[in-house]
Amino acid sequence: MSVVFDWRDAPRAEFAVIGYPVKHSLSPAMHSAVYENLGLNYRYLALTIPPEEFSEGLAHLHSLGYLGLNVTVPHKAAAARWALLPDDSVRDLGVANTLSLQDGRATNTDAPGFLDTLTDLHLKPGRALVLGAGGTTRALLPGMLQIGWEVHLWNRTQSKAFELAEQVSGPIQVVDSLKTEGFSLILNTTSASLSGSELPLEWSPSTEKGVAYDLAYGNGPTPFLQVAESHGWETCDGRALLVAQGARSFEWWTGLTAPRDVMKAAVS
Ligand code: ATR
């Protein structure tokens, strides 16, 4: 597990992930494995920046010569506002997870990285049950709808699911029951797994099973994935998205091809 520095104590490096808090980030190990594999003389660190110190923190890292940052909770919207040159994805979604510090460019690799993971799972667009209507779903939903997914959206606080369905155009149906029947994908974007809570899913006994995908990950399978697996569903956790978005960030910064197998091995 990597050391986490406060931005004021940040050593010189080329890349970092910034968040608040940044706990147990696998990004430094994952990117360092890429640098080692490709023989690049770069360093990638994990740094904390409190929300109110975002601009000051970025100016300091810029002055230290940092080239690029990955941005995580709670800074993704602030990162989009910081960007002098946001690309279309950042303009459309209002959130950025990848910054080029020296020239003010910003992109969002979460949304296309997520679609990469669906391709890796050999999932063709069909019916998806999406759990959660927070910032993550807001960023991933447009891409899913664009490639043809029909989304059934459930949220613990249902009014938020309706709000999100109104903001995003496409075939979204807000649902209040969690029956798994008929879905080829169940995507959990909620933070229920992080608090160890179980979601009130009603697993169908039917033989048609799909993929249960939890964007969270921990040391072992999340509670959601444990139950899914016991019902015979294929499972995938948030490491897949971690690798996919990280690979795209690396490629955006360097123009090189990321060795995804090396990155997967570094986080598993
Ligand atoms: P993110 O940006 O990661 O999506 P968020 O915007 O804080 O984070 O959203 C968290 C999501 O997890 C919400 O959909 C939240 O449901 P509410 O809108 O009802 O708060 C959901 N969530 C958090 N804890 C949950 C739990 N124990 N059971 C079900 N949903 C939960």
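All of the numbers you see were taken from the coordinates with simple rules; none came from a lab. Quick caveat: nothing in here was measured; it's all calculated off a predicted structure. Please note: Cβ atoms are built from the backbone with ideal geometry, for glycine as well, and neighbour counts cover all protein chains shown.
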Checklist entry - Which ³J(HN,Hα) values in Hz, rounded to whole numbers, follow from the phi angles of the stretch 61-66 under the Karplus curve 6.51 cos²θ - 1.76 cosθ + 1.60, where θ = phi - 60° and Gly and Pro get x? => result 5, 4, 5, 7, x, 4
Next on the checklist: Run lengths n ≥ 4 of DSSP H only: what is the helix-derived mean residue ellipticity at 222 nm for the chain, with -39500 (n - 2.57) per run over all residues, to the nearest 500?
Outcome noted: -11000 deg cm²/dmol
Item to check | Degrees, to the nearest 10: 135-146 long Cα axis against longest axis of the chain | outcome: 70
Checklist outcome for this item: Measuring from the longest principal axis of the C-alpha atoms of the chain, the long axis of helix 27-38 (C-alpha) lies at a number of degrees, nearest 10, equal to 70
Next on the checklist: Below 8 Å, C-alpha to C-alpha, sequence gap of six or more: please give me the relative contact order for the stretch 1-136 in percent.
Outcome noted: 22
Checklist entry - Looking at the stretch 1-132, what % of its DSSP beta bridges pair antiparallel, to the nearest 5? => result 30
Checklist entry - For the stretch 193-219 and the stretch 229-250, what is the separation of their C-alpha centers, rounded to whole Å? => result 13
Checklist entry - What order do you get for R248, R127 when you list them from fewest to most C-beta neighbours inside 10 Å? => result R127, R248
Checklist entry - Roughly how many nanometres apart are two label points built 7 Å out from the Cα toward the Cβ at A265 and E202? => result 4.7
Checklist outcome for this item: Least to most buried among I172, I186, by other C-beta atoms within 10 Å and fewest first, runs I172, I186
Checklist entry - By average Cβ neighbour count within 10 Å, what is the ranking of 82-95, 139-152 from highest down? => result 139-152, 82-95
Checklist entry - Give me the Kirkwood hydrodynamic radius of the stretch 75-218 in Å, from all C-alpha pairs, to one decimal place? => result 16.1
